[in-house]
Amino acid sequence: MESVELDTCQNRYIAAGRVKIIICLLTISAFVSLLYFPALSGGFIFDDYTNIVDNEYIRIDNLSFKSFFSSFGAGIAGEIGRPISALTFALNYYFNGLDPYGYKLVNLFIHCLNAALLFAIIFLLLNKNQKSHMKYIVPLVLSLVWAVHPLNVSSVMYIVQRMNLLSAFFSLLGVFGYLYGRITLNGGVAGVVVSTLAVFLCMGLGFLCKENAVLLPLFVILIDRCLLDSGNRLFERVMLWVYILPTILASIYAIINPERLLEGYSIRQFDAYQRLLTQFRVLVGYIYNLLFPSLNNLTFFKDNIHHSVDILNPSSTIFCMITVLALLVFAVLFRKRYRLLSFSIIFFFLGHLIESSALPLELAFEHRNYVPSMSIGIVFFSAAWWIIKLTKINELVVYLAILISLGGLCFFRCLEWGDPVLLAKAEAARAPLSMRANLAAGDVYADAYKNAQDEKYKDIAHDYFDKASKAKAEDCSPYIAQIMLNAVANKKTDDKVYEKFIRGLSNYPVEVYNPHYVNQLINLSVIDGYAVPAHFLQQAVSALGESSKGQRNEYQSRVMTVKASYHYNITKDYNVAVEAAKEAVVLLPSSFKSHYNLLKMLVEIRELKQAEEVVEIMHEKFSSRSKIYNINSMLETKSNN
């Protein structure tokens, strides 16, 4: 009888615990959704256009396997195209077209899932060490601190960073699976199997979303060493060898082919050494914005950050190096005394291991903190603990004060992200020396002028474009923007603007968007009928070609595609156009778009035999896309005519 009563009480206790967990998860979702709701009305921004809006490969019109397979390879980011992320964009396009609301809603949903997983992970880690009334409060507060931190708004509402959100989702799922096998299953045979499968499977899936997921095993080892009572040494050895072997192979490959690592710097104004030096300053800036968030310090565009030339130039470099090294030394030396704080520090820097390395990436972006900032709640919680200890204030009051403060900043940042004009003005005001911020603000007002035909919008747009050109005079972006705006206004563009645009094309290092800008100039002349002076158009194509020498094959292929378009549409020299299109294919044989452009050109000038050869190659290389694009029907239609 006593046994039955004991079982009943235990079942009730378990049921009550599950109800509390569900309430916590619903609280997280509701609170986060409420704060982020204003941002859903925002638009596309920056790389959203190249990866989504202008990416015709994600535009599926059915849910067939062929469409799925085609969109799986539609990504253009990273070395492998991040296929799972590309697939989700294709599904969004199928259901929402190019309405950004649906894309942002999916991002918010994933963010809520990530916050829920973070809660579950902290609950598993701290469950045995907390008082009964705190074992739910602590995970709830820590996960909410991260979920509503204003620095993460750009990670969630910058649509293309779904890649980052999904990579984080699988990483968190892998950590949860590992802990479930390690703690709940008590590390038995079943626990080892579950833990190992969770880490490797989730790392693979996360890698297909964004490459940062390769850090998952290192996160697991860190958690095992810092937060669990006794580390799983066998698992750690396996995980370390998982890294050691590929690292050795990658190092050998890098030594044999150093150009593969360094070629990305051909479009940068800094080298690998200078990038590494600059990252100390960038990391300290991230830490400051995480600990002391302010709307004035939150900027999406970071192109106004000047790279460190050496250890003393600027002088802040050496101080930031000392700060980072001091934090790491503290975390290692005091890892037993201040276990949670040490874990938080190491986790943060470990999360930046890839994007703050010697890889030729841009210097800084807010969204790079999405995963590293997951440990920031520990710092806020530690501060709250000291406040409670010194002032005797009720702990729930302190936790609420922190969440309300962060939540308020998050809400106001979301209001900005929900209004393209407000966001553009705020970014340009906070980063007046950022070429991209001023250019984005000018683009917003240029769009407003197109829609309303109000002269004041045109004048404001020109003002922002002027500021952009002053911020980075060697870049051609502000000048093509001015030409495009003049075309809309049917106003002649000053020759000096064309000259500065061409000078920008000739500058080193080249900008990755230069071929796109020249193509826009061609389209203005061909499609829109804008009077672009022929000699300036010819000079632009020539300057683009000269600056592409020695660049990566992918860049040169795009340049040759622009050259083909110029000769086909402007000079009507079809032989030169076809040869340029063929060269684009040779430079980048893996590009479906290069083959497709060549095919269209051959069909139009009725070189049908050559077109048939290209069709055969496309069917062999790109079978799924070839069927979707109906390239056979294109050829047959021209043959019948």
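Hey, got the Cα dimensions of the stretch 506-548 along the principal axes, in Å, largest first?
Dimensions of the stretch 506-548 along the principal axes of its Cα atoms: 32, 19, 11 Å.
Within the chain, what's the longest stretch lacking trypsin sites (Lys or Arg not before Pro) that sit in DSSP loops with no more than 14 other Cβ atoms inside 10 Å?
Longest stretch, sites excluded: 132-335.
Amide H of Ile45 versus every other amide H placed in the peptide plane: which residues, excluding those fewer than 5 positions away on the same chain, fall under 5 Å?
Result for Ile45 returns Ile159.
What's the longest bit of the chain with no exposed GluC sites (Glu not before Pro), using DSSP loop states and at most 14 other Cβ atoms within 10 Å as the test?
Free of exposed loop sites, the longest segment is 80-361.
For the chain, build the charge dipole from Cβ charges (+1 Lys, Arg; -1 Asp, Glu) around the Cα centre, then report which of Ala331, Met203, Cys320 sits farthest towards its positive end.
Value: Ala331.
In the stretch 418-485, what percent of the accessible surface is made up of carbon and sulfur (1.4 Å probe, ligands and nucleic acids excluded)?
52
Give, rounded to the nearest 20 debye, the magnitude of the charge dipole that the chain has about its Cα centre when Lys and Arg contribute +1 at Cβ and Asp and Glu contribute -1 at Cβ.
1740
Quick one: angle between helix 435-452 and the longest Cα principal axis of the chain, in degrees between 0 and 90, rounded to 10, please.
70
Using +1 on the beta carbon of Lys and Arg, -1 on that of Asp and Glu, and nothing else charged, what's the dipole of the stretch 403-445 about the Cα centre, debye to 20?
On the way: 4 positive and 4 negative charges, 24 e Å.
Dipole magnitude for the stretch 403-445 comes out near 120 debye.
Just to verify a number: what accessible area does Tyr568 come out at with the full protein assembly present, 1.4 Å probe, Å² rounded to tens?
Roughly 50 Å² of Tyr568 is accessible to a 1.4 Å probe.
Calculate how steeply helix 455-471 sits against the longest principal axis of the alpha-carbon atoms of the chain, using the helix alpha-carbon long axis, and give the answer as 0 to 90 degrees to the nearest 10.
80
Just to check I understand the Karplus step: with θ = phi - 60° and J = 6.51 cos²θ - 1.76 cosθ + 1.60, what whole-Hz values come out for the stretch 270-278, glycine and proline as x?
Whole-Hz 3J(HN,Hα) from phi for the stretch 270-278: 9, 9, 4, 4, 5, 5, 4, 4, 5.
Write down the Kirkwood hydrodynamic radius of the stretch 379-434, to one decimal in angstroms, obtained as one divided by the mean of 1/r over all alpha carbon pairs.
Working: mean 1/r = 0.0741 Å⁻¹.
Computed over Cα pairs of the stretch 379-434, the Kirkwood hydrodynamic radius comes out at 13.5 Å.
Could you give P(r) for the chain, binned at 10 Å from zero, as whole percent values over all Cα-Cα pairs?
3, 13, 23, 25, 18, 10, 5, 2, 0, 0
Once you have a ≥ b ≥ c as the square roots of the Cα gyration tensor eigenvalues for the stretch 432-554, tell me rounded if a/c is under 1.5, and otherwise prolate or oblate according to whether a/b is larger than b/c.
Oblate.
Relative to the compact globular guide of 2.2 N^0.38 Å, what is the alpha carbon radius of gyration of the stretch 362-516, as a ratio? Walk me through the intermediate numbers first.
Details: Rg = 22.1 Å, N = 155, 2.2 N^0.38 = 15.0 Å.
That ratio works out to 1.48.
Taking amide H atoms as placed 1.01 Å from N in the peptide plane, list the residues 5 or more away in sequence, or in a different chain, whose amide H sits under 5 Å from that of Ile60.
Amide H neighbours of Ile60, under 5 Å, 5+ apart: Tyr94.
Given the whole protein assembly as supplied and a 1.4 Å probe, what does the accessible area of His306 come to in Å², nearest 10?
That residue has around 140 Å² of solvent-accessible surface.
Could you work out how far helix 477-488 tilts from the main Cα principal axis of the chain, as a 0 to 90 degree angle to the nearest 10?
60
Provide the per residue accessible area, probe 1.4 Å, for the chain, rounded to a whole number of square angstrom.
48
Using alpha-carbon pairs under 8 Å, 6+ residues apart, how would you state the relative contact order of the chain in percent?
Working: 820 pairs, mean separation 75.5, N = 641.
Averaging sequence separation for qualifying contacts and normalising by length gives 12 percent for the chain.
When only alpha-carbon atoms count, how far does the stretch 341-411 stretch along each of its three principal axes, as whole angstroms with the largest first?
Cα extents, longest axis first: 50, 30, 13 Å.
The values are calculated or read from the model by the stated rules, or taken from the named source; none is laboratory data. For clarity, every value in this text was computed on a predicted model and none was experimentally measured. Glycine also receives a Cβ, built like all others from the backbone with ideal geometry; neighbour counts cover every protein chain displayed. These accessible areas exclude ligands, DNA and RNA; they are computed on the full protein's heavy atoms, side chains included. Shrake-Rupley method; radii C 1.70, N 1.55, O 1.52, S 1.80 Å.
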